[in-house]
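First the structure, in the form of structure tokens, and then the observations on it.
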Amino acid sequence: MAAPASAGGFRVPAAGARAESPGSGDRPDVGQPAPAGDLRSVLVTSVLSLEPLDLDLFRGRHYWVPATRRLFGGQIVGQALVAAAKAVSEDVHAHSLHCYFVRAGDPTVPVLYQVERTRTGKSFSVRSVKAIQHGKPILICQASFQQTQESPVQHQFTMPTVPPPEELLSQEELIQKYLQDPNLVEKYRLGLNKILAQEVPVEIKPVSPSKTFCQLSQEPKQLLWVRARGYIGECDMKLHCCVAAYISDYAFLGTALLPHRQHPVKFMVSLDHSMWFHAPFRADHWMLYECESPWAGGCRGLVHGRLWRRDGVLAVTCAQEGVIRVTQSPAESKL
């Protein structure tokens, strides 16, 4: 069935469009066409490209499936925000979303996204989205959009001082380096090879590599430079928010495990995911992802995150809680 025309949606530029946006001055391609042979980001061309089926009804497919054989939560959140954004006018921007994961996603079938136009106001508009598989919701999302409004009430935290991404190795380069160690324990070698084999559409550069791949317990904080693989360029800011939603879920909940690496993980899934969008940004430019876990207990862990532009502007704030079940020693299980 052909889809009726929508009042909203994204205006995604063709390859080679000029790449200019506020706060994007951190790569040599800013203000220039995409370099010859530069691939469009798979997050735009595949992962976040929804098929319209009817008014406010879309179908999404999968690109990368984690080793758990469950759908990646960031993909479902990102696709849900795409669906919500297609049901609003182009003159509003996403400012927040709140999602609950209610069932595990099945990677063998597509996901349907059903949008409800909950409210359209003068300043704020709310859209509710259900992600559905096998006739049942797997995610419930509320997304809010706002007309741009100026205010003298402004402040933010200060961005952490860290080395720039150009001075750091990527996750793949670090793994290749560790794999060259002849004394590397075999189970760690197998684990690193599994990570290397995954085609994740996100580039990552850990700020403290020794902590990232260390097996010792440490404080529940980590700093990562992140960006989407490939080129996105100048387009509707809502699309960059959707890409950031995908990126924000990668390695996020694992922050809560950093002090507890002595416990093998049996089961770890996200329960919810919230985001607040503060300032324009480019998701295909490096942003610093500051992650911390203020609390864990009761088989749950809570994580907070902040995505910083390179010029020190706080672009996005994230929060997530997840289920974390680990293997306990006989003495611990009796406590």
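Just going by the charge dipole of the range 228-335, with Lys and Arg at +1 and Asp and Glu at -1 on Cβ, which of 299, 231, 312 is farthest out on the positive end?
299
So what's the Cα pair-distance distribution over the range 27-176, bin width 10 Å, in %?
Binned Cα distances yield the sequence 9, 28, 29, 26, 7, 0.
Which trypsin sites (Lys or Arg not before Pro) from the range 231-286 combine a DSSP loop assignment with at most 15 other Cβ atoms within 10 Å? Don't skip to the end; give the middle numbers.
On the way: sites: 238, 261, 266, 282; in loops: 261, 282.
When the trypsin sites (Lys or Arg not before Pro) of the range 231-286 are filtered for loop state and at most 15 Cβ neighbours within 10 Å, 261 remain.
Can you give the FRET efficiency to the nearest 0.05 for residue 61 and residue 151, using r as the Cβ-Cβ distance and R₀ = 30 Å? The partial results should precede the final answer.
Values: r = 40 Å, r/R0 = 1.34.
The pair residue 61/residue 151 has a calculated efficiency of 0.15.
With a 1.4 Å probe and all protein chains left in place, how much accessible area per residue does the range 257-335 have, in Å²?
On the way: 3490 Å² over 79 residues.
Normalised by residue count, the accessible surface of the range 257-335 is 44 Å².
Within the range 54-109, what whole-number % of the accessible surface is contributed by carbon and sulfur, with the 1.4 Å probe and all protein chains included in the calculation? Kindly include the intermediate steps, with their values, before the conclusion.
Details: 1150 of 2240 Å².
In the range 54-109, the share of accessible area belonging to carbon and sulfur is 51 percent.
With +1 on the Cβ of every Lys and Arg and -1 on the Cβ of every Asp and Glu, and nothing else charged, how large is the dipole of the range 37-97 about its Cα centre, in debye rounded to the nearest 20?
Numbers: 6 positive and 6 negative charges, 88 e Å.
In total the dipole reaches around 420 debye.
Counting other Cβ atoms within 10 Å, which chymotrypsin sites (Phe, Trp or Tyr not before Pro) in the range 49-148 have at most 14 and lie in a DSSP loop?
Values: sites: 58, 63, 64, 72, 100, 101, 113, 124, 145; in loops: 63, 64, 72.
Of the chymotrypsin sites (Phe, Trp or Tyr not before Pro), not one in the loops of the range 49-148 has a Cβ with at most 14 other Cβ atoms within 10 Å.
The values are calculated or read from the model by the stated rules, or taken from the named source; none is laboratory data. Computed from a prediction, not measured in an experiment: that's the story for all the values here. Because the Cβ atoms are built from the backbone with ideal geometry, glycine has one as well, and the counts that use them run over all protein chains shown. Calculation scope for accessible area: heavy atoms of the full protein, side chains included, ligands and nucleic acids excluded. Shrake-Rupley method; radii C 1.70, N 1.55, O 1.52, S 1.80 Å.
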